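The values are calculated or read from the model by the stated rules, or taken from the named source; none is laboratory data. The structure displayed is predicted, hence computed values, not measured ones. Counting neighbours? That spans all protein chains shown, and the Cβs are built from the backbone with ideal geometry, glycine included.
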Amino acid sequence: MKKASFFTLILFSLLLGSCEKNITLDIPKYDSKVVVFCVLLPNQRAQLSLSLSQSYYSYADTDTTLNNHFITNAKVYITDLTAGTTDTFQEDTFSQNKIYFGKKFIATGHTYFLHVNYNGKILTAQTTVPMPPKIDHVDYLKLDTTFYGGPNYEFHVYFNDLPGGPNYFSVDNANFISDVGLAGKQLEIIEDLSLAPNYPITVDVQVNNANKETSDFLSNANIQNQNANNPFSEPVIVEGNINGGLGLFGAISQSPFFKVIITK
Amino acid sequence: MKQLLLTLFVFFVITGVVSAKKYTISGYVKDAATGEVLIGASLYVPKLKTGAVTNAYGFYSLTLNADSIGLVIRSMGYKAVYKKIDLRKNIELNVNLQTLELGEVVIVGSKASENVEKPQMGVIDVPIASVKELPAIFGEKDLFKVLQLLPGVQAGAEGSAGFYVRGGGADENLILLDEAVIYNPFHMAGFFSIFNGDAIKSVDLYKGGFPAQYGGRLSSIIDISMKDGNMESFHGEGGIGLISSRLMLEGPIVKNKASFMVSARRTYLDLLIKPFLPKGTEAAYYFYDINAKVNYIISDKDRVYLSGYMGADVLSTSLVNPGDTTGVGVSWGNKSATARWNHVFSPKLFANTTFIYDDYNFTINEQMNALQAKITSGINDVGGKIDFDWFPSPLNHVKFGGIYTYSEFIPSLVEGQIGSVGFTNEQTKYVHNAAVYINDEYTFSEKWSFNIGLRAPYFGYKQTDYFDVEPRFTAKYSLDKTTSLKASYVMMYQNIHLLSNSSISLPTDIWIPSSNIVKPEQSQQVSAGIFKNFMDNAFETSAEVYYKKSNNVIEYQPGTDIFFNPNIDNALYFGQGWSYGLELFIKKNVGKFTGWLGYTLSWANLQFAQLNNGAAFPATYDRRHDFSLTGIYNFNKNWSFSGVFIYETGSSLTVPLGTYVVPGPGQNGMVQLLDYGSMNFYKLPAYNRLDIGIKYTRQHKKYEDEWRFDIYNAYSRQNPYFVFIDPNYMDPNANISRPAAVQISIFPIIPTFSYNFKF
């Protein structure tokens, strides 16, 4: 038996002899890029953040250093190509994240062209504001109890597809469903929520409709973020629509809130 | 184009028939000691400078003028036989060849000059003997790891038996075991192939110039034949290794009429690990495989074969605490069964009828207190095929036939219950696959010969039908007796596709059929080469160049849940791929030292409108250089030494270059994102490894045994199994956490003793 254990130990020493080591990647020098993030919402004024990316391997603490990379003194304006008007953005110097905001309200169905000039570097992008969906009805099903004692509910949100498109619908702005091949049909989104057990529970449900560039960027950003610590996951490249830089100039239209009251 | 090919085809056959003579010699060529039929044995008439080659069932047919002729029958590793024949009537001639003694010649390939003479290219008769002779990790002899040493075949991850042929994907290789399709040919997440070398008779690898009887995949065909079983006497062989043991038995059921072969292999990792598990924990992993075959010679004209394979990997863990029961069981494996009937209609017409069943199944059973779930994925086929070999003249060998397969795809079947509430989600797809083909190997003159073929596949799923035509053409021009030039063009279609959710071979990969959204993948390949043998065929050499273009190749949208997605077809991207390269091969067939050297210089690229901003990018296994050197040296009857050296450029990787933040969804603050470089732009460090082995063989009165000592990765190079970017790598020198590339290497130097025997 002792012999057997000895040989087994040798075997597993070999099997578990896998080695993990830090290696230096011989990659080209990284030049910072301008990052734009702006999602237009109908009937609201546009807000836009500008920052600089930095080398992934050279920073000490992302949360603090990246937040110091917001850009000021950029010239930003959007042109409403449908209405033929231009809205020059102002910088909010009080905001921590150095937000730029427009003065005009965004209109459903209009196409907007973005122009950013930062230190002579020009960035452009274009997006069209989609139509807002309307929720038909919402069903819900109690699943089980969460670790913290509150109930878990599964919501089935039903709404009709919109003309035109393609449209990309979401409840959480992270997971989108496409209406490609489902034009004109009733669609369903299933969403799980953990709620506090304060009956009757009121839940306001809203469905968002995004255009393709917005859906692609937000869903890929969500997946990349979720997989950040998974070594087996394939890399998810978040491709934006900013010419000359990174990020998103997109648009989302939201449905009116649909109130769901859950009694015990 | 199709009409031209058809006209040419008819012309070749007719010209061959017109010049045909009156009498036919036909029969089988067999191993005298075992009664096994010999595939690819040559029959040559020196006086007429013509001949024939045995088919996959050892049958040949040669039609000649009435004359007195001398016939030389040879097969590599066997003593040549000379027969004087007075050909005044049709003659049935079965030939038994005696094996050569060790020292006279070492068996490495099949027919010595076949590589030069046949109008076929991109094909390698895989040296089965080498599978047993070369050193192997844990002493597990692996057919696929020998395949990886051949030019044009790229290995997968470190230690993996997976392979990529001429830039194609892992699913573009058709693996046939006695004509049944094997969908997942791997054990242990790809570290070992399922093929037990003791049970295998022959393996042919086609990577270009595909004959028309093969189809259904874009990049390669691996045609594996099991041993038939010894017709003369009872024999066996087996081995005891570090992680598994195996046994193969074969013998006559009725001497020279019927025989059997059965082999089995099982690992005992589950038994070894048991003493080390914490109390209350159950964990086990093992794999096994069983091959079995019987065959019966009914008459001179009829023979039947029944063969089967069954193998599985089983992994289970469970944890039982009071009030808390969790457990996961995972199993995956293949089953196949083939029934074949050979019938000789006439000395010129041979037919094989086959019924095929195969099944690949992957199952997860999970219990987490009140939740019980079972997830199944798989594919199974039932079908039949008929293949004819027609020898209208010595100038023509025509093959024609058809195949039909009915397939059931289960991308995922989820069943289970939470407490008393049950749930199920099934996505089964039923598919019809069929094809007809015709192929003529035509000898136009002493210098020129051609292989011209046409295959017409059909695929049907719901209301979607795909009819395609695949022309195949190879031309050979002999410069002299030992040198030839060859060129080929082939078109292939593929109607089943593998979606893989990781860069390593896992059973969670799923197969899906073509549909109205997923079009058939298509490839066209052109290749050309020079083939030259030296020193009376002791050295085989070849240089081949190829260019392959593929359309409708598939990737899925990043982050897609391929397993639970009911509408997976809509989550796929369709693009194109192209690969090209140069392959050099030098093989020494005879003498005390045998082996080969393979070198591949290649490029493999992909392009999808939705990926990498629409720009082309290198495939993961785009390796510029791939070099392998193998050698076996027999000191004497007792001692032999073997070695393998591999060098290959590292595989491609997508790595982040920069990072930035954007506002998160809702009010979730800021989200950090990564700015990746172009897809697969980074090349991992080169892979290189040396394996050595020494074997001591003893001959006993009734049996022979051998002790082997193998060293895998002799200089313990830390080759990457995979590399990932750890955002929080703890730098031991600076004592800070920072993003860094981390390489995982799994196999350092591994010495192994193993014991093998045969009787």
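Data overview
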{"item": "Failed condition for A:GLY181, given (1) modelled with pLDDT under 85; (2) under 19 Å from A:GLU239 (Cα atoms)", "result": "(2)"}
{"item": "Flag for B:GLY241 being under 30 Å from B:PRO751 (Cβ atoms) and within 14 Å of another protein chain (Cβ to nearest Cβ)", "result": "yes"}
{"item": "Hits in segment A:167-203 - residues which are more than 20 Å from A:ALA221 (Cα to Cα), surrounded by fewer than 17 Cβ atoms within 10 Å (Cβ to Cβ) and within 14 Å of chain B (Cβ to nearest Cβ)", "result": "A:VAL180, A:GLY181, A:LEU182, A:ALA183, A:LYS185, A:GLU188, A:ILE190, A:ASP192"}
{"item": "Matching residues, segment A:150-166, being within 14 Å of chain B (Cβ to nearest Cβ) and of a type in the set (Ser, Thr, Tyr)", "result": "none"}
{"item": "Single residue of segment B:737-759 satisfying the filter (outside any strand (DSSP E or B) and more than 27 Å from B:THR654 (Cβ to Cβ)) that is nearest to the other protein chains (Cβ to nearest Cβ)", "result": "B:PRO748"}
{"item": "Some residue of segment B:744-759 being without any contact (Cβ under 8 Å) to a residue 24 or more places away in the chain and farther than 30 Å from B:LEU249 by Cα", "result": "no"}
{"item": "Flag for B:PHE195 being touching a Leu at 6+ places or on another chain (Cβ under 6 Å) and crowded, with 22+ Cβ neighbours inside 10 Å", "result": "yes"}
{"item": "All positions within segment B:714-736 that are touching a residue at least 60 places away in the same chain (Cβ under 8 Å) and either touching a His at 6+ places or on another chain (Cβ under 9 Å) or part of a loop (DSSP other than H, G, I, E, B) (or both)", "result": "B:ASN719, B:PRO720, B:TYR721"}
{"item": "Checking B:ALA33 against (1) in a loop (DSSP other than H, G, I, E, B); (2) modelled with pLDDT of 85 or more; (3) within 28 Å of B:PRO211 (Cα to Cα), the condition it does not meet", "result": "(3)"}
{"item": "B:ARG623 of a type in the set (Lys, Arg), assigned to a loop (DSSP other than H, G, I, E, B) and either surrounded by fewer than 19 Cβ atoms within 10 Å (Cβ to Cβ) or more than 14 Å from chain A (Cβ to nearest Cβ) (or both)", "result": "yes"}
{"item": "Selection from segment A:19-44 of residues that are modelled with pLDDT of 85 or more and at the interface with chain B (Cβ under 8 Å from one of its Cβ atoms)", "result": "A:TYR30, A:SER32, A:LYS33, A:VAL35, A:PHE37"}
